[in-house]
Every structure is written in C-alpha cells, then in structure tokens.
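Everything below concerns the one structure shown next.
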Amino acid sequence: MLSAVSLGLAVVLTVAGPALLRGVARWCGPSARTLLALWVLAPVGWGLAWVGAGLGVVAELWGPGVKGVVTACLDLAQALHRGEAGWVGLGVVVCGAAVGGRLLWVVARRFRREVRWRRRQRRTLAACARSETVRRQRVWVVESPTPDAYCVPGGGLGVVVTRGAVEALTPRQMDAVLAHEWAHLRGRHHLLVSWVRLLCEAFPGVPLLRAAVEEVTELVEWAADDYAVRRVGVGPLAHAVGTMAVPGPVRHGPAVLAASGASPVRRVRRLVGPAGAVGRTRRTVCAGVLAAVVALPVLAVSVTAAGVAAAQCACAL
C-alpha cells in the first residue's frame, strides 16, 4: 500500500508536476522567492517519492525488518556470484547500479568542468580586467564597449562589469545593477541553478526536471530583481536591463548569472506591470502546495522506511 502511494506521488510529480506547479503560480501569484523555493524543492520531493517507492518494493519482496533485508541482500549477492539470481534480483541490482553510477558520473563531470571553468575565468580576469571601485563597491572592470554585468562565484572573483556599462548607465542604474548581482552571490543562486541542471543532466527526459531548469533559471533573476528594486527602485533597474539587453559576447559558464540574463522583456514587463494583490486564500493554497510537494514524499519515505526497519511481531496471545 505504501509503495503504491509513493509510486503514485512519483508518477504525478514526474508527468503532471510542471503543469500543477505552473497552474498554482498563475492562480496564486506568489513572490519570486516562494516560487523559487517551490521549483527547487519539487525535484527533492520527486526523488524522495521514488526512494519511497523503492523501499516499499524491498519491503514487499523481502519482508520487513533490517535483518531480513540484509539477509536477502547477502543471498542475492551469493546468487549473483553463482549465476543463480532470478530476474527480479538481477533487475534490482542493475537498476540500482545504473542510477547510482549515472548520478555519480554526472556529479564528477560537472565538478571537473566547473573547476576548469573557474580557473579559466580567473586567468581571463587577471589578464583582461582590473579591480576598481565603482559606486563604492569593489568590482572587476573589463575593457569592453558592450554594456554588461555579471557575477562569477568563487574566491577572488565576484561582480564583473564592462567599461561600456560604466559609461552607459547612470549612477542610480549602476547601483541597481550591482545590487542585482550581489543578490545573486549572497543568495547562492548559482547553487540552485546548478542543482536543477545536475538532476536534469543525470536523469534526462523527465518533464519535471526539464521544467525546473527553465523556471529556476528565470526565477533567480526575478528574485535578484526584487532585491534591487527594494534597494534602488523600479525605474533605474528597468532602464538598466533595457540598456544591457543587446547582443554581446557569449560568456555563459557553469556559474555565470548576468544582469541581462533570462528574458529581459519578461523581466521589464514584470517590473513595470501592476502588482496584483494576493488574497489570504491564495496565499494559503500556495503554502499548502509548497508544503505538500515535500511533506508528502517525506512522509511516505519515513513511513515506508519505518515499515522496512521494524520487524513485524507475530506474538501468540
């Protein structure tokens, strides 16, 4: 029963998760930070639901109790060694090894790629940029006529602006751009984007994970925009985004978040558009969906794990 519930949650999140979450976002109109939390935690709930389904299958095939599961695993290993394992046991081993191996391989590859990219970026900044004080903040200034600004997380890196941005933006607009970039760094937005991209690369073809990459990439920009608006105002940020929304050099990397990122048109429309009031009912629904996305899989995994770990008592009264 518990495995069926977990499997149902996993299938619903896998297939219908994007439509459900986007529908809640349209109806409830929550803040960018709430939506960002929703789309970052949705893959967590998806993974936990599948783990719960797997634990339920283990409990049903081999019975409850840690001792029984360990014994079954040892029997399975011996049967594999003797070539006598059944199709079910062989399938469990192959699937588990494939999923674990795929995830570890993607993590190692992305980590290696990001380390190399950071080293390249550090060498590039050391050769082509200078550390200057812009609007009382220490940033890297690149000698390029194209107005642009972006942040590069990591020790010794930080916010990068071009000479074209320094010359094209007004002081208030530059304040808004710098606030936007520092919001990315302080909010660790690059980690959130890397998280969903890693899962999507490790498990390609999953609709929920593909949608999470699209939504999180845009929502981190919205969250940084909201921070800049609170610090400087709507007008300077909207004009700065419009000024920098011009074709420029491709500088995308594993951890780059630019002030001109995502969709500049959608961002400006969101900034200058009317902010509709969100009622208590809609806020409650949004909070309930956010809690259910993670709480239900966690509950299913916890109950299933307890059923696996606790041996049944067959005491005669």
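Which of the residues spanning region 118-164 are loosely packed, with under 12 Cβ neighbours inside 10 Å and β-branched (Val, Ile, Thr)?
133
Can you find a residue that is at positive phi and in a strand (DSSP E or B) anywhere in region 159-166? Spell out the reasoning first.
Applying the first criterion (at positive phi) to region 159-166 yields none.
No; the residues of region 159-166 include none that is at positive phi and in a strand (DSSP E or B).
Somewhere in region 174-191, is a residue within 18 Å of residue 257 (Cβ to Cβ), at pLDDT below 90 and β-branched (Val, Ile, Thr)?
The answer is no; no qualifying residue exists.
Filter region 1-38 down to residues that are of a type in the set (A, V, I, L, M) and outside any helix (DSSP H, G or I) and give me whichever is nearest to residue 190 (Cα to Cα).
The residue in question is 16.
Being assigned to a helix (DSSP H, G or I) and among the small types (Gly, Ala, Ser) is the filter here, so list the residues in region 189-240 that pass it.
We begin by selecting, within region 189-240, every residue assigned to a helix (DSSP H, G or I); these are 189-202, 207-231, 234-240.
Selection gives 194, 202, 211, 212, 223, 224, 228, 235, 238, 240.
The values are calculated or read from the model by the stated rules, or taken from the named source; none is laboratory data. Bear in mind the structure is a predicted one, so any value in this text is a computation, not a measurement. For neighbour counting, all protein chains shown are included, and Cβ atoms are generated from backbone atoms with ideal geometry for every residue, glycine included.
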